[in-house]
Amino acid sequence: MDKGQRARYLTRIKKGILAECVLVMLAAVVVSGRQSGKEESRIVNNSVLSIENDYIKWVDFTVSYEALCCAYDWDVRSRGTEHEICWVELLAYTAAKTGGQFDKSALKTMEKAAKALFEGEKTLDELTEDLEYYSYYREAYDAAIGGLVGEYEEECEDGSYEQRYGLKGYFPLARGFDYTHYDDFGVSRSYGYKRQHLGHDMMGLTGTPIMAVESGIVEALGWNQYGGWRIGLRSFDGKRYYYYAHLRQNYPYAEGLAEGSIVTAGDVIGYMGHTGYSAKENVNNIEVTHLHWGLQLIFDESQKEGNNEIWIDIYPLTRFLSKHTQTAAKVEGTKEWKRTNRIVDPAVERYMQENHLTGNELTESNR
């Protein structure tokens, strides 16, 4: 090998070593970035768990109607006893144990755990100490259903109020109005652009009173070309955004409802219709009268609008909420309906006090 060949050979070796060093450094940066970003993405029984930048980015809410009923019954049954059971924690334990599955076997797992907790044989910490995903499911399920059960006062026939504990979230339609529904979450939609149906449709009659599922703040009100006349209601903790769409033409909302209004669970907030699918306001382009209602979970404000939105299947939840309906009475001479008996929700009172509000923000039916 002459001097020229030797020089070229050494040059190639140096370049190879340099390239290897660069690749090693890049790999170190990638690993370090993943660790410092606190990003976690795992698959458990086909359910994706995704946590990035310290907040949850996806929730596959697979809790069945039967599981909701079972966990709720244990919560109410154990209230005031030595070993109280929180329904959210019981559901989270079951999901962490089964990988998010809620079949018959999972219900047996839940019952066994509930009995052990109720009888003092086990503590929640003992049951969950080896469950890697319990904290994820606990936070995710609290965001989905955490505001629906608790203490409240309910108005009696004589005008007095009685203390209650249990389901304080309400079915989205007034009691006594006919409806049909089925699980249509995720089916395709073609108006405007191809997309999935990210809510739940309840078919009924035009003018059916629409009720607030949970107490909260009216965050959006007005026309949307996809949803027609619609209402966006945000829970006080900011985790849940309830979306009600296709409301009645000409008279979509309850009297006095406005952006910023504070409503109590069970208040009449609007009326069923079939508006939407038009850039022009107040148009009936939906063929079948129905309420589209959806539930968006928000762990970080960046998820409110855009590509990171989390909408969950609420068909089982809708069935569960039928346990707690509110009647409404027609206001003579108007198109208005009002709830027939009021409740006092501590969440409303707490929010009013914390924000130094006077009551002018409350809806008419809650004053």
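The values are calculated or read from the model by the stated rules, or taken from the named source; none is laboratory data. Please read all numbers here as calculations on a predicted model, not as lab measurements. Cβ atoms come from the backbone with ideal geometry, glycine included; neighbour counts cover every protein chain shown. What goes into the accessible areas is simple: the full protein's heavy atoms, side chains included, and nothing from ligands, DNA or RNA. Shrake-Rupley method; radii C 1.70, N 1.55, O 1.52, S 1.80 Å.
Brief remarks follow.
- Of all residues making up the range 264-294, the number that are touching a helix residue (DSSP H, G or I) at 6+ places or on another chain (Cβ under 7 Å) and not charged (D, E, K, R): 2
- Which numbered condition R240 fails, given (1) at pLDDT below 95; (2) of a type in the set (K, R); (3) touching an Asp or Glu at 6+ places or on another chain (Cβ under 9 Å): (1)
- Residue within the range 147-157 that is in contact with a Ser or Thr (Cβ under 8 Å, 6 or more places away or on another chain) and more than 23 Å from I310 (Cβ to Cβ) present: no
- Positions within the range 104-119 being open to solvent by 80 Å² or more (accessible area, probe 1.4 Å) and touching a residue at least 24 places away in the same chain (Cβ under 8 Å), in sequence order: E119
- Test for W74: is it in contact with a strand residue (DSSP E or B) (Cβ under 8 Å, 6 or more places away or on another chain) and touching a residue at least 12 places away in the same chain (Cβ under 8 Å): no
- The single condition among (1) out of contact with any Gly (no Cβ under 9 Å at 6 or more places or on another chain); (2) open to solvent by 40 Å² or more (accessible area, probe 1.4 Å); (3) not basic (K, R) that V268 does not meet is (2).
- Top-ranked residue in the range 328-367 [being over 21 Å from E151 (Cα atoms) and among the hydrophobic types (A, V, I, L, M, F, W, C); ranked as surrounded by the most Cβ atoms within 10 Å (Cβ to Cβ)]: A328
- Residue pairs whose Cβ atoms lie under 6 Å apart, sitting 6 or more positions apart in sequence or on different chains, and linking a residue in the range 125-136 that is open to solvent by less than 100 Å² (accessible area, probe 1.4 Å) to a partner that is outside any helix (DSSP H, G or I), are Y136/L49.
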